[in-house]
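The structure appears below as structure tokens.
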């Protein structure tokens, strides 16, 4: 089932070209419907959202919006849901939540964010950085967003892991209000919400949930940013509300590129490819290798594993339409192909994986070595599994604390600094024909006196 393309053949070049052009898919078919949903939710609010839930989800939620707290008090009951889980599932979610939080706390503290930066109401110059140069104070203030929306799918599969991976970085960044939109959330999803710091549950899915979070309802304030994966309707809705709110990106089908040489175990390579193929019929399971023999062995392992899989029909559909093995002539070409494809997950089944990684500039997550399954990154390792897809790793990054903050530039002039630099500013403004800009400087200089030696 795995088609194999040898470098130098016409089929290789056409396949590589087609893979480079992959993306979020053609949203044109769903855009009219999604536009109508968003417009109706903006006008009709709660009644419109409930109408779409009945139409598309075929149910009526007991309460559309519930806030954090015990079920007995009208909350979404995350703590109770956590207690209801099987002990091994509860332990797994708790360990994952702790690991994800630790990773993102390090991410926060290593960058321009620090503990003082995320304390609401803290001194403005403690956040980001500041310095003084020739009488001018310059700097950057970093503050968390006030309210964030997290979308967690509820269709073909439920992903409490996506709640952890999206909401915990927001909480670590200092976001006070986190809204989770997920239809008919089960106990695992509610438990993940509880452990992640979710403050509000919106019991809705699809484009109507995105519109509700973006524009608000009487019982739900609009959010500042929406993150998280979803189907084509969700992706299209996020694209259409962008500008009114921020978004993390347009999520396309899940994808993996396994990079392998002669040292690779074909069974493990196939296992990693299958783990992404089972997400969706349009997921991409790709292989780039220097060995045609290995590619053939991986193809056999894929076929042999299919009868064991509970989501066999989904995997078969994915492999039959979006799988490919690209056989290249050198290790350097492996890096070049990976760079051209800019894939979400790259699994390194090669000797000296770190050295090859150094030659690749564009990828979402690097899974280094044959002992690192893609599932580790999806569930437990720590970095968010919300990653750029469809080649957007060329310019995108994994979801992180930096996605949940705003940055403000800080500028403060002393009298001496304005006297020294004001004439230059005046000339630059006049050179652009902006006389009022120049005048705003001239008035201040006139009030101060232009002698820069008199600070």
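The values are calculated or read from the model by the stated rules, or taken from the named source; none is laboratory data. A quick note: this is a predicted structure, and the numbers were derived from the prediction, not measured. In this analysis, Cβ positions are derived from the backbone assuming ideal geometry, glycine residues included, and neighbour counts consider all displayed protein chains.
Overview of results
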{"quantity": "Residues of segment 50-83 classified as surrounded by 14 or more Cβ atoms within 10 Å (Cβ to Cβ), assigned to a helix (DSSP H, G or I) and over 25 Å from the mean Cα position of the chain (by Cα), total", "calculated": "11"}
{"quantity": "The listed residue being out of contact with any helix residue (DSSP H, G or I) (no Cβ under 6 Å at 6 or more places or on another chain) and without any contact (Cβ under 8 Å) to a residue 40 or more places away in the chain, out of 348, 395", "calculated": "395"}
{"quantity": "Output for segment 161-199, where each listed residue is surrounded by 24 or more Cβ atoms within 10 Å (Cβ to Cβ) and not in a helix (DSSP H, G or I)", "calculated": "175, 178, 179, 180, 181, 182, 185, 198"}
{"quantity": "Residue count, segment 256-276 (criterion: out of contact with any helix residue (DSSP H, G or I) (no Cβ under 6 Å at 6 or more places or on another chain), in a helix (DSSP H, G or I) and closer than 16 Å to residue 353 by Cα)", "calculated": "1"}
{"quantity": "Residue 154, sole failed condition from (1) part of a loop (DSSP other than H, G, I, E, B); (2) out of contact with any strand residue (DSSP E or B) (no Cβ under 9 Å at 6 or more places or on another chain); (3) over 25 Å from residue 90 (Cα atoms)", "calculated": "(3)"}
{"quantity": "Test: residue in segment 355-364 that is modelled with pLDDT of 95 or more and farther than 23 Å from residue 19 by Cα", "calculated": "yes"}
{"quantity": "Subset of segment 289-305 (residues that are surrounded by fewer than 21 Cβ atoms within 10 Å (Cβ to Cβ) and in a helix (DSSP H, G or I))", "calculated": "292, 293, 296, 297, 299, 300, 301, 303, 304, 305"}
{"quantity": "Where a residue in segment 33-46 is without any contact (Cβ under 8 Å) to a residue 12 or more places away in the chain and its partner, wherever it lies, is surrounded by fewer than 13 Cβ atoms within 10 Å (Cβ to Cβ) and part of a helix (DSSP H, G or I), with Cβ under 7 Å and at least six apart", "calculated": "none"}
{"quantity": "Single match in 249, 230 (criterion: modelled with pLDDT under 95, outside any helix (DSSP H, G or I) and out of contact with any helix residue (DSSP H, G or I) (no Cβ under 7 Å at 6 or more places or on another chain))", "calculated": "230"}
{"quantity": "Scope segment 280-308; condition within 22 Å of residue 17 (Cβ to Cβ) and over 32 Å from the mean Cα position of the chain (by Cα); matching residues", "calculated": "292"}
{"quantity": "All positions within segment 84-111 that are surrounded by 15 or more Cβ atoms within 10 Å (Cβ to Cβ) and modelled with pLDDT under 80", "calculated": "111"}
{"quantity": "Failed item, numbered, when residue 443 is tested on (1) assigned to a loop (DSSP other than H, G, I, E, B); (2) modelled with pLDDT of 95 or more; (3) surrounded by fewer than 16 Cβ atoms within 10 Å (Cβ to Cβ)", "calculated": "(1)"}
{"quantity": "Test: residue in segment 404-422 that is without any contact (Cβ under 8 Å) to a residue 12 or more places away in the chain and touching a strand residue (DSSP E or B) at 6+ places or on another chain (Cβ under 8 Å)", "calculated": "no"}
{"quantity": "Failed item in (1) outside any helix (DSSP H, G or I); (2) more than 18 Å from residue 388 (Cα to Cα); (3) not assigned by TED's automatic domain parsing to the domain that holds residue 152, with residue 286 passing the rest", "calculated": "(2)"}
{"quantity": "Residue that is part of a helix (DSSP H, G or I) and in contact with a helix residue (DSSP H, G or I) (Cβ under 6 Å, 6 or more places away or on another chain), where the choices are 212, 204", "calculated": "212"}
{"quantity": "Matching residues, segment 387-399, being surrounded by fewer than 23 Cβ atoms within 10 Å (Cβ to Cβ) and closer than 15 Å to residue 162 by Cβ", "calculated": "398"}
{"quantity": "Flag for residue 377 being under 17 Å from the mean Cα position of the chain (by Cα), more than 22 Å from residue 13 (Cα to Cα) and not assigned by TED's automatic domain parsing to the domain that holds residue 168", "calculated": "yes"}
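Residues are listed down the side, and each one gets a yes or a no for (1) within 21 Å of residue 399 (Cβ to Cβ); (2) without any contact (Cβ under 8 Å) to a residue 60 or more places away in the chain:
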residue: 256; (1), (2): yes, no
residue: 264; (1), (2): no, no
residue: 274; (1), (2): no, yes
residue: 278; (1), (2): no, yes
residue: 284; (1), (2): yes, no
residue: 287; (1), (2): no, no
